[in-house]
Amino acid sequence: MPLMRVTADGSVPLLHNSTDPVASALRLHLSALGPSAAIIVLVHGFKYAPNVLGKDPHKALLALSPVPPALRRVVSWPRQLGFGLGNANEGLCIAFGWQARGRLRHVFEAAPEAGIALARLVQMIQDVCGRSVHIMAHSMGARVALSALPLVPRGSVGRLVMLSAAEFRSNAKVFINSPAGASAEFVNVTSRENDLFDVLLEWGIRRQNRDRTLGQGLPTPAPNWIDIQIDCAATLRALDDIGFRIAPAQQIVCHWSTYMRPGALEFYGTMMREAPNLSLAFQNAHLPRANAPRWSRIRACLQCTGALQTW
């Protein structure tokens, strides 16, 4: 079974809907892995919560076969990343669920507690086999993943892929300067489609502060950090040139485009499974340093319709 389901009970990781200990299940799964097989942890974002009807991530994004399959904005992350296909050396996918429902500020402030549970899970993997894990996280899940970094040892996290991250620049700088953060690699996938959601987070959480979200990238990225603006036409052309065809953006405003667009998850999966072949140096050399201004996508669309002729 390439998929292991874990749910955070506050700051404690538990097997989802099971009384078996997490550590025992990990030993069983990890003992069956080949030495080069990847261990990938998936962390969902805002408005999902385990065992909540219609919002259970283990039956939606984090499932090999989402139930029901017709749910909007749902695609199987594990399957698109290459799990459950019967291929040799698929590795282990760990679906990490946490309580992300409620008011925005409440969930934002509760995310670090889920980060403790994630850190404990990563530490268990270290204790069992001493191997690093890759993490893919969307939205507020990126805050969960980043907040786990100061609590785990150096080298325990390989590559952290963040999609439309709901976190602030100042917090991220603290997390990536931890020992585990200094040894990890960060891929910050942004899109101007997410501008409205970034502004709502800034307004709702830090009204008196000029701190920006990671949707604007880091002003001075670290050597182990790359910002990829995935709705940029030049970025998509460059990705196509190196073998990754991702569908162009179709929406003006969309919080889910970074994983819903065809080809995107396959790119992230390769980035985690074959990290040495897609090093950050290689990506920096082949991808444009795109960071279009906030609202540029909306303005361009309005200009196309003539709505900005008098501006």
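Of the helices (runs of 4 or more DSSP H) contained entirely in segment 178-295, those carrying at least 3 residues that are crowded, with 18+ Cβ neighbours inside 10 Å, of a type outside the set (Ser, Thr, Tyr) and within 19 Å of the chain's Cα centre (by Cα) fall at 195-205, 264-273. Within segment 164-176, one or more residues are surrounded by fewer than 21 Cβ atoms within 10 Å (Cβ to Cβ), more than 17 Å from Arg105 (Cα to Cα), charged (D, E, K, R) and out of contact with any helix residue (DSSP H, G or I) (no Cβ under 7 Å at 6 or more places or on another chain).
Being open to solvent by 20 Å² or more (accessible area, probe 1.4 Å) and at pLDDT 95 or above is true of Arg154.
Looking across segment 47-65 at every residue that is open to solvent by 50 Å² or more (accessible area, probe 1.4 Å) and without any contact (Cβ under 8 Å) to a residue 24 or more places away in the chain, the one that is nearest to Pro262 (Cα to Cα) is identified as Ser65. Apart from one condition, Leu196 fits all of (1) modelled with pLDDT of 95 or more; (2) farther than 23 Å from Leu14 by Cβ; the exception is (1).
Of everything in segment 66-78 that's out of contact with any helix residue (DSSP H, G or I) (no Cβ under 6 Å at 6 or more places or on another chain) and open to solvent by 80 Å² or more (accessible area, probe 1.4 Å), which residue is farthest from His134 (Cα to Cα)? Filtering first and then ranking leaves Ala70.
Being touching a residue at least 60 places away in the same chain (Cβ under 8 Å) and under 19 Å from Arg273 (Cβ atoms) narrows it down to one residue among Gly158, Gly141; which is it? The conditions single out Gly158. Does segment 5-12 contain at least one residue that is at pLDDT below 90 and in contact with an Asp or Glu (Cβ under 6 Å, 6 or more places away or on another chain)? Scanning segment 5-12, I find no residue that is at pLDDT below 90 and in contact with an Asp or Glu (Cβ under 6 Å, 6 or more places away or on another chain), so the answer is no. Among the residues of segment 115-128, the one identified as more than 16 Å from Gly158 (Cβ to Cβ), among the small types (Gly, Ala, Ser) and out of contact with any Gly (no Cβ under 8 Å at 6 or more places or on another chain) is Gly115.
When Leu3, Leu33 are checked against the criterion of being within 13 Å of Leu92 (Cα to Cα) and more than 21 Å from the chain's Cα centre (by Cα), a single residue qualifies: Leu33. Pairs are defined by a Cβ separation below 9 Å, a sequence spacing of at least 6 or placement on different chains, a first member in segment 20-36 that is in contact (Cβ under 8 Å) with a residue 24 or more places away in the chain and within 18 Å of Gln123 (Cα to Cα), and a second member that is open to solvent by 80 Å² or more (accessible area, probe 1.4 Å) and part of a helix (DSSP H, G or I); the pairs so defined are Val22/Arg120; Ala23/Asp127; Leu26/Asp127. Within segment 84-138, the set of residues being outside any helix (DSSP H, G or I), surrounded by 16 or more Cβ atoms within 10 Å (Cβ to Cβ) and of a type in the set (Gly, Ala, Ser) comprises Gly84, Gly91, Ala95, Gly97, Ala100, Ser132, Ala137.
The values are calculated or read from the model by the stated rules, or taken from the named source; none is laboratory data. Just so it is clear, the structure is predicted and the values come from calculations on it, not from any experiment. All Cβ positions, even for glycine, are placed from backbone atoms using ideal geometry, and neighbour counts span all protein chains on display. Ligands, DNA and RNA are stripped out before the accessible areas are found, and what is left, the full protein with its side chains, is counted by its heavy atoms. Shrake-Rupley method; radii C 1.70, N 1.55, O 1.52, S 1.80 Å.
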